[in-house]
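Take a look at the structure set out below.
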Amino acid sequence: MESQIHKIHQQLMNKEISCTDLVQGKLDLLKTNTHNTVNSLLDNIALDLAKKVDAKIGNGEEIGLLEGIPFGIKDVYMVQGTYTTASSDLLKKYKSPYTATAIQKLLAAGAIPLVKENCDSFGHGSSSENTIFGAVKNAINPDLVGGGSSGGSAVNVAKDYTVFSIGGDTGGSIRQPAGYNNVYGLKPTYGRISRFGLMAYASSTDCVGPIAKSIEDIRIVLNVMSGKDVKDQTTYPSEKISKENSIAIDEVKSVGYFKNFIESDAISPEIKADFLRTIDKIKAKGIAIKELDFFESDTLVSTYYTLAMAETASNLSRLDGTNYGNRIEGDNLKDTYSITRSENFSEETKRRIVGGNQVLSQGFSDEIYLKGLNLRDQIAANFEKDFSEVDIILSPVTPNTPPKIGDSLKDPLAMYLSDAYTVGFSLGQLPTLTAPQGTATGIQITAAQNNDAKVLQFANFLKQLI
Ligand code: GLN
């Protein structure tokens, strides 16, 4: 698909559409949509901004590329004065006191925020069913889940309700819903985009990233959001990726894939066959293919969930009804904390808080948490070795196609295992893009840290190939 941003920019400049009509049209679609993608609409803000863009165009002024482009925001980002609920009862009435850096940069470039999007509560989930706003329905088949946790964002893009959306990815939450809804979704290198103003799930793997219908739109939005931010000490300065650089393919000479991912019993025969067919096509273009050894999926999933649960238990401890959140009074302060948290967190979130506190508790932390950290180091070392041998690692996004709505809730362990192919790249803090090609749920393209441009280059190559 061609760049929607360039196309709309031209239409606005040529006065083929007004920004107000564009924004109103998308707001109407969002309002009446039956996929449960909306937690709250930002209609007043959006229409005010659209009017200003129309006035500028009317005056014959130049507008920037992102000016007037409508976008969606996963409901875990602060946008000053708007509700930021994390799809939870606890924060159902919480209003952001400030705006997240990544979103602020988009606003400064003139993009227009339309909607806070439905997602798994606090990012906890792989289906966008763990939400007080109703399960997000898949864009292609509404009987299936939208994927998660950034399900509302991926479905909005797939249905053209937003031109692009900003998701959040801790262990796959941009890449997996992008794959389930046939759109692009990028988890950049950890630290490339500031996390300031993103509600923390697991701080050591949380990433901000775009979901869009074209690689070019991913590139544009990535460039705007990237950069060092004094409010997030893990950020680093990065160079903008030029359009030319995102198309050049000569840097990619070798591609690897994890043999054990493909030989696993858990992968569907169709996804396996499609993936191997894609590998053959790449080989036929003269790119060297290397089979790589990697940790078993079970080890990746348990390492990720051990660390993610520990970090989320710690991060969510501030949500006690006193500092933040919907307070429910008990007989004394301790009771108040207990009732507030018991009543307002979902089952899935409580499972993670209990699990995480177990991981961190005295007497267990050496056995569990430190072991998790050690495995993470081994995983990172493995990636370092792999990327000394290959330029790109390819992987399916998921072992299976999206489940029916309701099925994941019955079996949380099966849901955790469905993250087998995404969580390893998160632990490695690597740039990984879902491209909606190659298998029914897409293909993940991964490069070494800070090689986000190479990921986009390979995506452009793959698009031509398939
Ligand atoms: N499904 C994974 C989890 O529940 C990833 C979620 C995410 O990236 N926010 O932890």
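Scanning the stretch 340-363 for residues that are open to solvent by 60 Å² or more (accessible area, probe 1.4 Å), over 26 Å from Gln429 (Cα atoms) and over 27 Å from the mean Cα position of the chain (by Cα) yields Glu343, Gln362, Gly363. When the residues of the stretch 157-183 are filtered to those that are aromatic (Phe, Trp, Tyr) and either in a loop (DSSP other than H, G, I, E, B) or open to solvent by less than 10 Å² (accessible area, probe 1.4 Å) (or both), the one that is farthest from Gly424 (Cα to Cα) is Tyr161. Do we have any residue at all in the stretch 320-331 that's part of a helix (DSSP H, G or I) and either open to solvent by less than 80 Å² (accessible area, probe 1.4 Å) or not charged (D, E, K, R) (or both)? Within the stretch 320-331, none of the residues are part of a helix (DSSP H, G or I) and either open to solvent by less than 80 Å² (accessible area, probe 1.4 Å) or not charged (D, E, K, R) (or both).
Residues in the stretch 147-181 that are of a type outside the set (Asp, Glu), touching a helix residue (DSSP H, G or I) at 6+ places or on another chain (Cβ under 7 Å) and within 11 Å of the ligand (Cβ to nearest atom): Gly147, Gly148, Ser149, Ser150, Gly151, Gly167, Gly168, Thr170, Gly171, Gly172, Ser173, Pro177.
If you go through the stretch 202-213 and keep only what is out of contact with any Asp or Glu (no Cβ under 7 Å at 6 or more places or on another chain) and open to solvent by less than 10 Å² (accessible area, probe 1.4 Å), you end up with Thr205, Asp206, Val208, Pro210, Ile211, Ala212. Inspection of the stretch 247-257 finds a residue satisfying the criterion of being in a helix (DSSP H, G or I), surrounded by fewer than 24 Cβ atoms within 10 Å (Cβ to Cβ) and either more than 16 Å from the ligand (Cβ to nearest atom) or charged (D, E, K, R) (or both). Scanning the stretch 44-74 for residues being acidic (Asp, Glu) and touching a residue at least 24 places away in the same chain (Cβ under 8 Å) gives a total of 2.
Just one of the numbered conditions (1) within 16 Å of the ligand (Cβ to nearest atom); (2) over 19 Å from the mean Cα position of the chain (by Cα) is not true of Gly64: (1). Here Ile289 meets each of (1) β-branched (Val, Ile, Thr); (2) in contact with an Asp or Glu (Cβ under 7 Å, 6 or more places away or on another chain); (3) farther than 30 Å from Ala202 by Cβ with one exception, condition (2). Only one of the listed residues (Thr278, Thr322) is more than 16 Å from the ligand (Cβ to nearest atom) and at pLDDT below 95. That residue is Thr322. Scanning the stretch 428-465 for residues that are touching a Phe, Trp or Tyr at 6+ places or on another chain (Cβ under 7 Å), hydrophobic (A, V, I, L, M, F, W, C) and surrounded by fewer than 24 Cβ atoms within 10 Å (Cβ to Cβ) yields a single hit, Ala448. There is at least one residue in the stretch 133-144 that is open to solvent by 10 Å² or more (accessible area, probe 1.4 Å), β-branched (Val, Ile, Thr), within 30 Å of Asn400 (Cβ to Cβ) and free of Cβ contacts under 8 Å to residues at least 60 places away in the same chain.
For the stretch 263-296, a residue qualifies if it is open to solvent by 20 Å² or more (accessible area, probe 1.4 Å) and over 29 Å from Ile249 (Cβ atoms), and the qualifying residues are Ser264, Asp265, Ala266, Pro269, Phe295, Glu296. Return yes when Ser126 is open to solvent by less than 10 Å² (accessible area, probe 1.4 Å), more than 24 Å from Ala310 (Cα to Cα) and within 16 Å of the ligand (Cβ to nearest atom) and no when it is not. No: the conditions fail for Ser126.
If only residues of the stretch 97-109 that are part of a loop (DSSP other than H, G, I, E, B) and in contact (Cβ under 8 Å) with a residue 60 or more places away in the chain are counted, the one that is farthest from Val38 (Cα to Cα) is Ala109. Of the residues in the stretch 275-284, at least one is without any contact (Cβ under 8 Å) to a residue 24 or more places away in the chain and in contact with a strand residue (DSSP E or B) (Cβ under 6 Å, 6 or more places away or on another chain). Please specify each residue of the stretch 423-439 satisfying the condition of being closer than 20 Å to Asp274 by Cα and touching a strand residue (DSSP E or B) at 6+ places or on another chain (Cβ under 7 Å). Once the filter is applied, which keeps residues that are closer than 20 Å to Asp274 by Cα and touching a strand residue (DSSP E or B) at 6+ places or on another chain (Cβ under 7 Å), the stretch 423-439 yields Thr432, Leu433, Thr434, Ala435, Pro436, Gln437, Thr439.
Only a single criterion out of (1) open to solvent by 10 Å² or more (accessible area, probe 1.4 Å); (2) assigned to a helix (DSSP H, G or I) is not satisfied by Gly64, namely (2). Please tell me if Ile45 is within 15 Å of Thr162 (Cβ to Cβ), part of a helix (DSSP H, G or I), open to solvent by 10 Å² or more (accessible area, probe 1.4 Å) and not basic (Lys, Arg). Yes.
The values are calculated or read from the model by the stated rules, or taken from the named source; none is laboratory data. Fair warning: this is a prediction, and the values are worked out from it, not measured in the lab. Note that each Cβ is placed from the backbone with ideal geometry, even for glycine, and that neighbours are counted across all protein chains shown. What goes into the accessible areas is simple: the full protein's heavy atoms, side chains included, and nothing from ligands, DNA or RNA. Shrake-Rupley method; radii C 1.70, N 1.55, O 1.52, S 1.80 Å.
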